[in-house]
1. Taking a quarter of the surface of the convex hull around the Cα atoms of the stretch 1-152, what do you get in nm²?
2. On the Cα set of the stretch 400-468, report Rg and Dmax in Å, please.
3. Listing 39, 249 from the residue with the fewest other Cβ atoms within 10 Å to the one with the most, what is the order?
4. Order by neighbour count: 143, 395, fewest other Cβ atoms within 10 Å first, most last.
5. How big is D, in µm² s⁻¹, for the stretch 136-257 by Stokes-Einstein at 4 °C and 1.567 mPa s if Rh is the Kirkwood radius over C-alpha pairs?
6. Mind sorting 129, 161 by how few other Cβ atoms lie within 10 Å of their own Cβ, fewest first?
7. With only alpha-carbon pairs counted, each pair once and no self-pairs, how large is the Kirkwood hydrodynamic radius of the stretch 285-382 in angstroms?
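Just so it is clear, none of the values below were taken in a lab; they were calculated from the coordinates. Predicted, not measured: the structure shown is a model, and the values here were computed from it. As a convention, Cβ positions derive from the backbone with ideal geometry for all residues, glycine included, and neighbour counts pool all protein chains shown.
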């Protein structure tokens with residue numbers, strides 16, 4: 001097969017309501033282009049489209065079908081989409097990776113609900129539209145009515161290019177007002193007989209021709225001037241004007257076809273090949289960074305995988321669009337979404353269930369491949385020198401939900417594997433395992449959408465399942481004030497104030513005192529011992545113990561102090577940066593675990609030392625350090641961040657940890673800038689008392705401590721491991737390695753303070 005260049009490729013989405021004849025038209029297009037030797041029939045279940053068992057069972061499309069036709073030196077990649085709105089995901093995908101839409105209409109009914117929905121999608125994405133009236137041989141077909149409805153709904157932009165001389169069983173001819181010729185066919189269709197327009201039709205044809213010429217001229221100033229001068233345009237000039245009008249959605253041409261009898265199909269392909277915009281004539285897409293990615297065959301290679309199909313005996317068939325560059329068999333790529341390496345072993349041009357092997361594809365082309373290791377729908381594969389990612393396809397929210405379960409409980413895992421695989425094929429299926437409801441909820445676009453899923457599980461996967469109504473999550477809600485509760489809350493608040501006051505006046509372990517008082521209050525309020533103990537957050541305690549213990553060790557063996565000195569020493573003679581450095585260094589130490597109290601004490605002490613050595617304002621320098629410690633305290637690893645999480649989640653607020661951290665960091669930085677300006681931190685020109693050469697190197701114990709902290713941060717943030725348990729385990733390993741004196745570490749451990757923190761949260 002020929003390797004088509006970017007300026008020879010056109011990508012088209014075939015849309016239409018159920019029953020409009022898309023599958024039949026696909027057969028005619030493939031037959032006329034020579035891809036298939038015989039047209040299939042839906043009733044015979046031998047069509048290129050609708051080849052999946054579920055589609056043959058229901059009699060219409062469930063999945064989109066990607067195929068191509070070659071015509072007059074052009075390659076037309078066409079995606080045949082399901083007509084039902086339940087399968088809107090396939091249409092949305094197709095419109096995002098193609099450049100032009102054909103809206104197929106049933107000549108009996110005109111623009112139906114599905115047609116209008118599809119048009120709205122093209123409008124949202126700015127795609128050119130061609131209306132194609134099919135089934136002109138039906139006795140109930142009324143072309144004039146269909147045209148009138150189109151012009152009423154979509155306005156004067158709807159411009160007929162063809163009209164039939166007659167409709168119904170005797171349909172066999174039409175007038176093309178672009179070429180000003182009569183096209184007629186024999187009983188078998190195929191190649192048309194091209195004749196001059198009959199005299200009785202000349203007036204009507206001339207009127208429609210002038211309207212088409214005027215519409216074409218509107219979108220090009222040069223053509224408009226020539227139209228005013230000569231009142232006509234050449235055929236090539238009209239094609240150019242129509243192409244520009246299509247690209248700008250300034251006109252919507254109307255064509256005629258009878259796909260079942262293969263009439264008008266060749267003329268349609270001529271128009272698509274000659275007039276429809278090429279890939280490089282449409283606006284380029286943007287990657288996730290907002291950068292324009294042009295379909296440049298000489299640029300670095302990026303492949304976007306927009307569709308996955310699971311076929312028997314083959315497995316996953318992955319469909320991709322070459323966004324830029326070229327792809328060859330044997331090329332190596334990096335998955336931008338998953339970080340894995342992939343090799344494209346084989347490349348195919350798509351033809352529905354059939355595939356044609358090719359050696360190369362260039363930017364703008366659409367193809368497929370098989371046997372990839374770790375590529376999912378929506379992933380991007382990049383070649384050398386490319387760092388693109390794409391997420392331009394936005395699917396509508398689900399509209400219908402059902403709980404799903406296998407009849408045999410032992411099949412639950414098998415069912416979940418099948419559901420997740422099916423979601424790869426159709427991203428509008430949403431699978432939700434609700435821990436609260438203890439149900440697996442399947443969300444879809446409609447009842448038929450979910451019924452299709454059930455059929456596939458039962459017939460393809462041999463899993464007997466049943467649908468149920470999703471349970472309603474009942475929650476207790478306070479509707480009015482309760483005086484007794486309010487009284488107890490007042491007592492609790494008073495007791496808390498008294499406990500804190502005692503902690504300031506007397507040398508009493510405030511944490512353990514709080515636990516004792518809480519037990520007494522709970523008993524007074526009528527709570528059982530089990531309920532009181534249940535309020536104590538054990539996971540919170542473990543987290544605080546682990547993090548505090550680990551960073552106490554880091555402070556005890558001098559790791560944090562030496563690290564801070566080395567960082568400041570690296571500034572060298574650029575002492576003007578020290579105030580800002582103090583802020584970010586303090587924020588960093590606070591964020592990775594110790595929290596604002598420990599980090600504040602360490603860094604303000606260090607800041608005071610620097611201030612006296614450099615003869616600068618000690619108040620300003622210590623403020624930089626303290627504000628930094630406060631700014632970093634809300635990270636997911638710090639004590640304050642953990643407290644915030646545990647206080648908020650019982651109230652139903654979750655998932656805002658990053659936003660809270662960034663907010664505190666930004667607000668702290670803004671306050672620091674104010675201090676920086678007020679104390680004229682930008683005028684610091686004293687010598688840096690810390691020289692990197694004078695500062696001792698990290699010893700073995702300190703290096704092990706730093707390595708342990710780095711491992712903890714990476715594992716807890718990157719792999720979502722439990723912070724407390726991992727920090728505690730890390731500290732235990734360091735003790736075993738003899739990094740710090742075990743007795744000193746335990747002695748400095750502030751257990752009472754931790755108990756107070758946990759008690760406040762509980």
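1. Details: hull surface 39.2 nm².
Mean shadow area of the hull around the Cα atoms is 9.8 nm².
2. Answer for the stretch 400-468, Rg first and Dmax second: 10.9, 31 Å.
3. Working: 39 19, 249 14.
Result, fewest neighbours first: 249, 39.
4. On the way: 143 22, 395 14.
The fewest-first ordering by Cβ neighbours comes to 395, 143.
5. Working: Rh = 15.3 Å.
Value of D from the Cα-based Kirkwood radius: 85 µm²/s.
6. Working: 129 22, 161 25.
Placing the least packed residue first, the sequence is 129, 161.
7. On the way: mean 1/r = 0.0741 Å⁻¹.
It is 13.5 Å.
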